[in-house]
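The values are calculated or read from the model by the stated rules, or taken from the named source; none is laboratory data. This structure is a prediction, so every number in the text was calculated from the model and none was measured. For neighbour counting, all protein chains shown are included, and Cβ atoms are generated from backbone atoms with ideal geometry for every residue, glycine included. Please note that ligands, DNA and RNA were not included when accessible areas were found on the heavy atoms of the full protein model with its side chains. Shrake-Rupley method; radii C 1.70, N 1.55, O 1.52, S 1.80 Å.
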Amino acid sequence: MGSRKCGGCLSCLLIPLALWSIIVNILLYFPNGQTSYASSNKLTNYVWYFEGICFSGVMMLIVATVLLVLENNKNYKCCQSENCSKKYVTLLSIIFSSVGIAFSGYCLVISALGLIQGPYCLTLDGWEYAFEGTAGRFLTDSSIWIQCLEPAHVVEWNIILFSILITLSGLQVIICLIRVAMQLSKILCGSYSVIIQPGII
């Protein structure tokens with residue numbers, strides 16, 4: 001009973017994390033609240049991977065909903081045996097938690113790459129990735145951020161928002177990993193065997 005409540009709480013946490021991922025990803029399209037850069041495709045290419053909107057956002061909302069349904073539907077039966085039904089619920093929970101790890105992990109990796117690459121901005125040499133060759137060293141050297149003339153404060157904008165996306169997706173990965181560990185512990189610690197024996201159904 002306690003593990004069911006804990007699993008439900010963890011699944012609920014995925015929902016606000018997913019909603020915030022969508023919001024943060026959308027903000028990346030509008031540096032300083034301006035829409036002109038998105039319409040003219042003058043944004044970092046990693047923004048167009050929809051890592052926060054689709055994968056860490058909408059897809060994680062679907063995963064969280066399915067996990068909540070599995071946790072809360074105590075009367076779910078997929079076969080005649082109650083123990084058999086529990087086995088299927090456990091397997092489904094592990095599968096969807098693993099899918100959640102994949103989705104949020106994708107967002108984590110893409111956001112990290114976007115952070116390290118730096119923004120696409122206007123410099124004295126034109127529009128380019130001003131810090132692409134620094135391997136992320138520009139993140140700790142704010143004195144060179146002035147190379148980006150436009151959009152204004154785009155370096156800070158990208159650093160803050162990509163860092164938030166990394167944090168949100170990282171938390172999603174951790175939550176899904178905990179859920180997988182909880183379900184595996186039920187199997188390994190003998191709450192019920194996950195192997196379906198002949199004749200149970």
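Before moving on, here are some points about what is shown:
- Selected residue (criterion: farthest from ALA64 (Cα to Cα)) from residues of segment 153-187 that are among the β-branched types (Val, Ile, Thr) and touching a Phe, Trp or Tyr at 6+ places or on another chain (Cβ under 8 Å): VAL155
- The residues of segment 82-140 that are touching an Asp or Glu at 6+ places or on another chain (Cβ under 7 Å) and over 17 Å from ILE160 (Cα atoms), listed by number, are TYR106, LEU122.
- When segment 96-125 is filtered for residues that are without any contact (Cβ under 8 Å) to a residue 24 or more places away in the chain and over 24 Å from TYR49 (Cα atoms), only ASP125 remains.
- Within segment 118-158, the set of residues being farther than 20 Å from ASN41 by Cα and in a loop (DSSP other than H, G, I, E, B) comprises ALA135, GLY136, ASP141.
- Scanning segment 86-102 for residues that are among the hydrophobic types (A, V, I, L, M, F, W, C) and surrounded by 16 or more Cβ atoms within 10 Å (Cβ to Cβ) turns up VAL89, LEU92, ILE94, PHE96, VAL99, ILE101.
- Here segment 38-68 is the region considered, the condition is being among the β-branched types (Val, Ile, Thr) and open to solvent by less than 10 Å² (accessible area, probe 1.4 Å), and the residue that is farthest from the chain's Cα centre (by Cα) is THR44.
- Here segment 138-158 is the region considered, the condition is being free of Cβ contacts under 8 Å to residues at least 12 places away in the same chain and open to solvent by 80 Å² or more (accessible area, probe 1.4 Å), and the residue that is farthest from the chain's Cα centre (by Cα) is ILE146.
- Whichever residue in segment 159-177 is open to solvent by 70 Å² or more (accessible area, probe 1.4 Å) and touching a residue at least 24 places away in the same chain (Cβ under 8 Å) and, among such residues, is nearest to the chain's Cα centre (by Cα): LEU171
- Pairs where the first residue, in segment 15-32, is under 20 Å from ILE174 (Cβ atoms) and the second is in a helix (DSSP H, G or I) and among the charged types (D, E, K, R), C-beta under 8 Å, 6+ apart: ASN25/GLU51
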